[in-house]
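Data block below; observations after.
The values are calculated or read from the model by the stated rules, or taken from the named source; none is laboratory data. Just so it is clear, the structure is predicted and the values come from calculations on it, not from any experiment. Here the Cβ positions follow ideal geometry from the backbone for every residue, glycine too, while neighbour counts run over all protein chains shown. For accessibility, only protein heavy atoms count, side chains too; no ligands or nucleic acids. Shrake-Rupley method; radii C 1.70, N 1.55, O 1.52, S 1.80 Å.
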Amino acid sequence: MAVSAFIMVDVTGDHTKSAYKTITRIPLVKKVDAVTGPFDLVVQIEADTLESLNELVLSRIRGVDGVVKTSTAIILNP
């Protein structure tokens, strides 16, 4: 069963545009939106397992230059 989630991403300084472009190219990322509010980007992902979700967030998204914080909300409805 796939795991879908929204990842709210906080980006430092003027890195928002480059982080946006980099994150859109990551496999399993379905959509990236630049938003207003406490976070700069909202990323919609779909992973095969919780382990692959963990890898995606901790290694791929948090590893993007300029990303300083993420908050993940797993989608519960089927």
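Calculated translational diffusion coefficient of the chain (37 °C, 0.692 mPa s; Stokes-Einstein with Kirkwood radius over alpha-carbon pairs) equals 266 µm²/s.
Taking a sphere under 14 Å around the Cβ of GLY13 and counting the other residues whose Cβ falls inside, with K and R at +1 and D and E at -1, yields a net charge of -2. The charge dipole of the chain, taken about the Cα centre with unit charges on the Cβ atoms of Lys, Arg (+1) and Asp, Glu (-1), comes to about 160 debye, rounded to the nearest 20. Which aspartates and glutamates does LYS30 reach when only Cα atoms under 15 Å apart count, and residues fewer than 8 places away in its own chain are ignored? Result set, ordered by chain and number: GLU46, ASP48.
The Rg/Rh ratio for region 1-42, using Cα coordinates for both the radius of gyration and the Kirkwood hydrodynamic radius, is 0.99.
When you restrict to C-alpha pairs under 8 Å that are six or more residues apart and normalise by the size of region 1-53, the relative contact order lands at 48 percent. Within the assembled protein chains, the solvent-accessible surface assigned to LYS30 is about 130 Å², based on a 1.4 Å probe.
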